[in-house]
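Comments concern the structure below.
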Amino acid sequence: MIYALTGTVRKLPLPQVAIDVAGVAYLASVPHPVWDELKDGAEDTLIVFTYVREDRLELFGFRNPEQRSLFTELLNISGIGPKIALELCSIPLSILLRAAETDDSGMLTNIKGIGRKTAEKLLVDLTSLFEKHPEWTLQMHRTQKQEHSASFDADAIAALTSLGYDHGTVLSALKRLPGTLKKTEERVAAALRSL
């Protein structure tokens with residue numbers, strides 16, 4: 001079992017990266033924010049989850065053990081495969097927590113591959129996961145201090161995903177906006193200019 005890979009990063013089309021470890025390049029899929037953070041040609045480390053099935057062997061890379069743990073727990077939920085789990089890992093924990101606390105399935109249905117019934121079931125599962133893993137909430141508070149509110153504007157996220165942009169791209173665009181934009185309309189317009 002591979003726990004982590006350290007080597008030279010080569011960015012491939014989203015969500016994939018190759019990590020060259022002593023001349024052997026490992027292909028890994030990563031959440032959108034991790035892909036954004038990685039620098040092409042730089043040395044870096046990813047915490048890895050190895051997904052093995054009869055017909056496939058895939059590596060998924062994360063920045064920290066908490067992200068890997070979230071991915072693993074999501075895979076244990078009926079109806080959630082690695083592709084949807086990776087999409088969910090691209091969403092900040094605070095948004096997932098807010099969706100679970102407010103019973104807002106609409107936020108989850110914006111994710112490709114998640115319908116209304118799956119989103120409603122997922123809310124129940126997310127609530128249980130946050131209760132089971134209080135350390136995720138601590139990590140979320142640490143991360144939130146580094147982010148500004150634009151990236152967590154649920155209305156802006158919904159508006160941009162309804163235009164066909166994927167969740168990870170939308171969150172990345174909103175995260176780059178200046179903190180001076182206070183209205184959802186301003187954030188959406190500015191994000192569209194950057195996309």
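So if I check each of Leu160, Leu126, which one is modelled with pLDDT of 80 or more, more than 19 Å from Thr72 (Cα to Cα) and either part of a helix (DSSP H, G or I) or outside the structural domain of Leu74 (by TED's automatic domain parsing) (or both)?
Going through Leu160, Leu126 in turn, the sole match is Leu160.
Go through Asp20, Asp36 for me and flag whichever is modelled with pLDDT under 95 and acidic (Asp, Glu).
Matching residue, one of Asp20, Asp36: Asp36.
Considering the range 21-62 alone, what residues qualify as being assigned to a loop (DSSP other than H, G, I, E, B) and basic (Lys, Arg)? Listed by number, the list holds a single entry, Lys39.
Restricting the range 63-87 to residues that are touching a strand residue (DSSP E or B) at 6+ places or on another chain (Cβ under 8 Å) and not in a helix (DSSP H, G or I), the residue that is nearest to Thr45 (Cα to Cα) is Arg63. The condition (being touching an Asp or Glu at 6+ places or on another chain (Cβ under 7 Å) and outside the structural domain of Ala156 (by TED's automatic domain parsing)) is satisfied by just one residue among Ser78, Ser105, Ser94: Ser105.
Hey, does the range 106-113 have a residue that's touching a residue at least 24 places away in the same chain (Cβ under 8 Å) and in a helix (DSSP H, G or I)? Within the range 106-113, one or more residues are touching a residue at least 24 places away in the same chain (Cβ under 8 Å) and in a helix (DSSP H, G or I).
Listed here are the residues, each with its yes/no results for (1) under 16 Å from Met1 (Cα atoms); (2) among the aromatic types (Phe, Trp, Tyr); (3) surrounded by fewer than 13 Cβ atoms within 10 Å (Cβ to Cβ).
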residue: Pro33; (1), (2), (3): no, no, no
residue: Asp36; (1), (2), (3): no, no, no
residue: Asp44; (1), (2), (3): no, no, no
residue: Phe49; (1), (2), (3): yes, yes, no
residue: Val52; (1), (2), (3): yes, no, yes
residue: Asp55; (1), (2), (3): no, no, yes
residue: Phe62; (1), (2), (3): yes, yes, no
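The values are calculated or read from the model by the stated rules, or taken from the named source; none is laboratory data. Bear in mind that the values here come from a model prediction, so they are computed numbers and not experimental data. Heads up, the Cβs are rebuilt from the backbone with ideal geometry, glycines too, and the neighbour counts pull from every protein chain shown.
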